[in-house]
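The values are calculated or read from the model by the stated rules, or taken from the named source; none is laboratory data. What you see is a predicted model, and the numbers here were worked out from it, not measured in a lab. Quick reminder, even Gly has a Cβ in these numbers, built from the backbone with ideal geometry, and neighbours come from all protein chains shown. With ligands, DNA and RNA removed, areas are computed over all heavy atoms of the protein, side chains included. Shrake-Rupley method; radii C 1.70, N 1.55, O 1.52, S 1.80 Å.
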Amino acid sequence: MSDTSRRPRKPGKPYRRPQKDPVRFLAFEALRAVDERDAYANLVLPPLLRKAREKGDFDGRDAALATELVYGTLRRQGTYDAVIAACVDRPLREVDPPVLDVLSLGAHQLLGTRIPTHAAVSASVELARVVLGDGRAKFVNAVLRKVAQHDLDAWLEQIAPPYDEDPEDHLAVVHSHPRWVVSALWDSLGGGRAGIENLLEADNERPEVTLVARPGRGTTDELLREEAAVPGRWSPYAVRLTEGGEPGAIEAVKDGRAGVQDEGSQLVALALANAPVEGTDEKWLDGCAGPGGKAALLAALAAERGAMLLASEKQPHRAGLVAKALAGNPGPYQVIAGDGTRPPWRPGSFDRVLMDVPCTGLGALRRRPEARWRRRPEDLDGFAPLQRGLLRTALESVRVGGVVGYATCSPHLAETRAVVADLLKQFPETELIDARPLLPGVPALGDGPDVQLWPHLHGTDAMYLALIRRTG
């Protein structure tokens, strides 16, 4: 309850109880969960939206606006922080986090949407009255009126250093990425200014929902009957929902015959499945299988050839998600909770091995925009031993003549080529396979033999894949 309810009313100015706007209140709730609990918006938002619809508070347009407010605010957080900092008389760290969330939501409405200025300010002030009280609502009102004095381009002229003086800091402010992330992506991408700007802009765009029809269980024809559904760009099993929507409401998804899976992840699984092996092709391994998307596609592809998939995941609850994704697979499979660095299987047991290793997730910033603000350069040191240990297990687990796929959802060179190069030195009886022909029709795959996908070039997450054959 607001503290204003206990204040004496001024003569001639009756107290007006603040009006709760369900859309903005829900967006605020989601941002608070992301900040307070280190939650991810893509996990927090769906149940909040579902609950609001069940209560009758929301329709489709309300859900779309709430989603835009949450994701838009998170993607542009760095830029909005710089704008807000220019409008307050104290360091941002001294502004209470709930107040900053309301200010950021207001800044996004003013600078990142077509909501009229007066509506954006008044709605934000009303939200502040509901969740913060009248006193801090006045502060919100004063700050947002300053924000509203300029559009985004004018603000960027003021708050971003000139590109010629500090290109990385300029790009960090303009495109709302931490400076170290800009530097790392630029190193991985190579080239000049246009490429990195296109990539950073793509990171700030809302990605389409992409489905996968699991072979032997579902078909793309069925998925294409959904509203605003079009074929995928590269994967024969992909269908894109161009207007978003709720994939969980689609029958094929509810039944497990299809799933939600970025096309880059599909391409990684397909490339491994189609890589040439010498000899038998009967036993496949997904050594880091959670939450199960790639494992479900691999198991379906294996079933078509009479092969079986072992899906291993260290965390028991994630192993449960893998089991759910694979339930109903037409061929043999097994799911276990196992540590990929201490495998319970014998060396040389498998014909094909996928290791999609834990990483910083810098390749999926479109889908998890908050990750860019949580990650730190020192996180790379924490992942490095695990990534190398898992690739070592993969190379030990595959038989001579078999193939390993090393994958990450990060383009950072320390998590991709550096890991592969180190392990190839330790395992001299291995060779890199050119992965590019195994992604037919996909352009701009670089010099090879490994492959780096990009949001701005391929419309996928920035998945990395190296294919390695054991030769002795």
Next on the checklist: Checking the conditions here, which among Arg93, Arg76 is touching a Ser or Thr at 6+ places or on another chain (Cβ under 6 Å) and under 19 Å from Asp38 (Cα atoms)?
Outcome noted: Arg76
Item to check | Conditions (1) assigned to a loop (DSSP other than H, G, I, E, B); (2) within 20 Å of Ala142 (Cβ to Cβ); (3) of a type in the set (Lys, Arg): number failed by Arg114 | outcome: (2)
Checklist entry - Can you tell me which residues in the stretch 175-191 are touching a residue at least 12 places away in the same chain (Cβ under 8 Å) and outside any loop (DSSP other than H, G, I, E, B)? => result His175, Trp180, Val181, Val182, Ser183, Ala184, Leu185, Trp186, Asp187, Ser188, Leu189
Item to check | Verdict on Arg392 being part of a helix (DSSP H, G or I) and surrounded by fewer than 23 Cβ atoms within 10 Å (Cβ to Cβ) | outcome: yes
Checklist outcome for this item: Considering residues that are among the polar types (S, T, N, Q) and part of a strand (DSSP E or B), the number found within the stretch 402-413 is 1
Item to check | Selection count where residues are among the small types (Gly, Ala, Ser), open to solvent by 30 Å² or more (accessible area, probe 1.4 Å) and either within 25 Å of Leu297 (Cβ to Cβ) or not in a helix (DSSP H, G or I) (or both), scope the stretch 192-227 | outcome: 2
Next on the checklist: Step by step: first the residues of the stretch 152-191, then only those that are closer than 21 Å to Leu453 by Cβ and not aliphatic (A, V, I, L, M), then the one that is surrounded by the most Cβ atoms within 10 Å (Cβ to Cβ). Which residue is that?
Outcome noted: His177
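Listed here are the residues, each with its yes/no results for (1) assigned to a strand (DSSP E or B); (2) of a type in the set (S, T, N, Q); (3) surrounded by fewer than 16 Cβ atoms within 10 Å (Cβ to Cβ).
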residue	(1), (2), (3)
Val400	yes, no, yes
Glu415	no, no, no
Ala418	no, no, yes
Asp422	no, no, yes
Glu431	yes, no, yes
Pro440	no, no, yes
Checklist entry - Here is a list of conditions, (1) open to solvent by less than 50 Å² (accessible area, probe 1.4 Å); (2) modelled with pLDDT of 95 or more; (3) over 20 Å from Pro440 (Cβ atoms); (4) under 19 Å from the mean Cα position of the chain (by Cα), and Val239 meets all of them except one; can you say which number that is? => result (3)
Checklist entry - Of these, Lys324, Lys294, which one is under 21 Å from the mean Cα position of the chain (by Cα) and of a type in the set (Lys, Arg)? => result Lys294
Next on the checklist: Quick test for you: out of Arg32, Arg75, Arg93, pick the one residue that is closer than 25 Å to Ala160 by Cβ and modelled with pLDDT of 95 or more.
Outcome noted: Arg75
Checklist entry - In the set Gly331, Gly287, which member is open to solvent by less than 10 Å² (accessible area, probe 1.4 Å), at negative phi and not hydrophobic (A, V, I, L, M, F, W, C)? => result Gly287
Checklist entry - Would it be correct to say that Ala86 is open to solvent by 10 Å² or more (accessible area, probe 1.4 Å) and over 27 Å from the mean Cα position of the chain (by Cα)? => result yes
Next on the checklist: For the condition of a type in the set (Lys, Arg), touching a Leu at 6+ places or on another chain (Cβ under 9 Å) and modelled with pLDDT of 95 or more, what is the one hit in Arg136, Arg145, Arg129, Arg179?
Outcome noted: Arg179
Item to check | Checklist (1) outside any helix (DSSP H, G or I); (2) of a type in the set (A, V, I, L, M); (3) more than 23 Å from Asn141 (Cβ to Cβ) applied to Val88, failing item | outcome: (3)
Item to check | Among the candidates Val130, Val147, residue that is among the β-branched types (Val, Ile, Thr) and open to solvent by less than 30 Å² (accessible area, probe 1.4 Å) | outcome: Val147
Checklist entry - Of the residues Ala421, Ala435, which single one is farther than 14 Å from Ser188 by Cβ and in contact with a strand residue (DSSP E or B) (Cβ under 7 Å, 6 or more places away or on another chain)? => result Ala435
Checklist entry - modelled with pLDDT of 95 or more and within 24 Å of Glu197 (Cβ to Cβ) - does that describe any residue in the stretch 402-409? => result yes
Checklist entry - For the stretch 246-295, how many residues are under 11 Å from Ala325 (Cα atoms), among the hydrophobic types (A, V, I, L, M, F, W, C) and not in a helix (DSSP H, G or I)? => result 3
Checklist entry - Is it fair to say Leu100 is aliphatic (A, V, I, L, M), free of Cβ contacts under 8 Å to residues at least 40 places away in the same chain, under 21 Å from Val130 (Cβ atoms) and assigned to a helix (DSSP H, G or I)? => result yes
